[in-house]
Amino acid sequence: MNTDIKWIKITTNMFDDEKIKMIEAIPEADMVLVIWVKLLTLAGRKNMNGYIFLTENIPYTDEMLSTLFNRPLNTVRLALSTFKKFDMINYEDNGFMKITNWEKHQNIEGLDKIREQNRLRQEKYREKQKQLSPPCNPLLKEEKNKKRKDKNRIDSNVTNNVTNRNTNKSNTKDKYIECVYLSQDEYNKLIEKLGKTKTNGMIEDLNNYIMSKGKRYKSHYHTILNWDRMESKKGKKSMKDTLKEWTNDRKKV
């Protein structure tokens, strides 16, 4: 909003206008005319060639104007519909309101002059801010670049450490029973291949076998897979029978 606009032009013969006379004949005419003057002053403060809006991206709604003007919503809607009917205001497709024939209510040259003065004032202010800014220091810039690189290196190391921890966690062997160790990934793969019930049963069989025979295996995961393969070749015999036959064969050798 342009706070430099302190006045708008209202002619002394305003109430001789035919549209104003017709408005005076409708219910709540006095309040409707007050709303008309409020719209004119609001458009003057905006100083945007008669456009009225909250921001450049948000048009006023009826409810907003009712709150802004401190008038009942129904009265505001009556006033706006009357102004639109008499072509005193118009709405664009995006909902923005504009006072029709704005030049009748304003000294256009005076407002353009104020707008240009504001533009020059802002331009002068920005130029002054640039002059107040400290000159570029090559050493300072180099130091900032070094800090940025160090930060990037630290961030990279943190990311790598987190990734390594997650990978190690996936490969860490968990003790599922007294003597059987499997990683979470290995356990999930066994369940996917054998089913949860069979997987847990074979883990228990392997544990009992290790504890009773004192055997050692490099990979309990591959041992279970190998036992499953042996079981399939033996015609779906139970794992206990398969282990028994396998042990007897070993003794014969």
> Counting only residues that are surrounded by fewer than 13 Cβ atoms within 10 Å (Cβ to Cβ) and of a type in the set (D, E, K, R), which one in the stretch 171-184 is nearest to Asp205 (Cα to Cα)?
Replying inline: Glu178
> Among the residues of the stretch 206-224, which ones are crowded, with 17+ Cβ neighbours inside 10 Å and in contact with a helix residue (DSSP H, G or I) (Cβ under 7 Å, 6 or more places away or on another chain)?
Replying inline: Leu206, Tyr209, His220, Tyr221, Thr223, Ile224
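Search the stretch 208-227 for residues being basic (Lys, Arg) and in a loop (DSSP other than H, G, I, E, B), and hand back the single one that is modelled with the lowest pLDDT. Break it down into steps so the answer makes sense when it comes.
Of all residues in the stretch 208-227, those basic (Lys, Arg) come to 213, 215-216, 218.
Narrowing further to those that are in a loop (DSSP other than H, G, I, E, B): 215-216, 218.
On the way: Lys215: 77, Arg216: 80, Lys218: 83.
That would be Lys215.
Residue by residue, here is whether (1) hydrophobic (A, V, I, L, M, F, W, C); (2) within 23 Å of Lys9 (Cα to Cα) holds:
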{"site": "Gly50", "(1), (2)": "no, yes"}
{"site": "Phe53", "(1), (2)": "yes, yes"}
{"site": "Ile58", "(1), (2)": "yes, no"}
{"site": "Leu65", "(1), (2)": "yes, yes"}
{"site": "Ala79", "(1), (2)": "yes, yes"}
{"site": "Phe83", "(1), (2)": "yes, yes"}
{"site": "Asn90", "(1), (2)": "no, yes"}
{"site": "Gly95", "(1), (2)": "no, no"}
> Exactly one of (1) under 18 Å from Lys6 (Cα atoms); (2) in contact with a helix residue (DSSP H, G or I) (Cβ under 9 Å, 6 or more places away or on another chain); (3) of a type in the set (Asp, Glu) is unmet by Glu103. Its number?
Replying inline: (2)
> Cβ-Cβ below 8 Å, separation at least six or inter-chain, first residue in the stretch 215-233 and more than 13 Å from Leu194 (Cα to Cα), second of a type outside the set (Gly, Ala, Ser) and surrounded by fewer than 17 Cβ atoms within 10 Å (Cβ to Cβ): which pairs?
Replying inline: His220/Tyr181; Thr223/Tyr217; Met230/Trp246
> Is it true that some residue in the stretch 71-89 is at pLDDT 65 or above, among the basic types (Lys, Arg) and in a loop (DSSP other than H, G, I, E, B)?
Replying inline: yes
> Do we have any residue at all in the stretch 175-184 that's at pLDDT 80 or above and part of a helix (DSSP H, G or I)?
Replying inline: yes
> What number of residues in the stretch 50-96 are buried (at least 16 other Cβ atoms within 10 Å of the Cβ) and not hydrophobic (A, V, I, L, M, F, W, C)?
Replying inline: 8
> Looking only at the stretch 15-57, which residues are touching a residue at least 24 places away in the same chain (Cβ under 8 Å), of a type outside the set (A, V, I, L, M, F, W, C) and in a helix (DSSP H, G or I)?
Replying inline: Lys19, Lys38, Thr41, Gly44, Arg45, Lys46
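The values are calculated or read from the model by the stated rules, or taken from the named source; none is laboratory data. Since this is a predicted model, take the numbers as computed values, not measurements. Every residue, glycine as well, gets a Cβ built from its backbone with ideal geometry; the counts of neighbours run over all protein chains shown.
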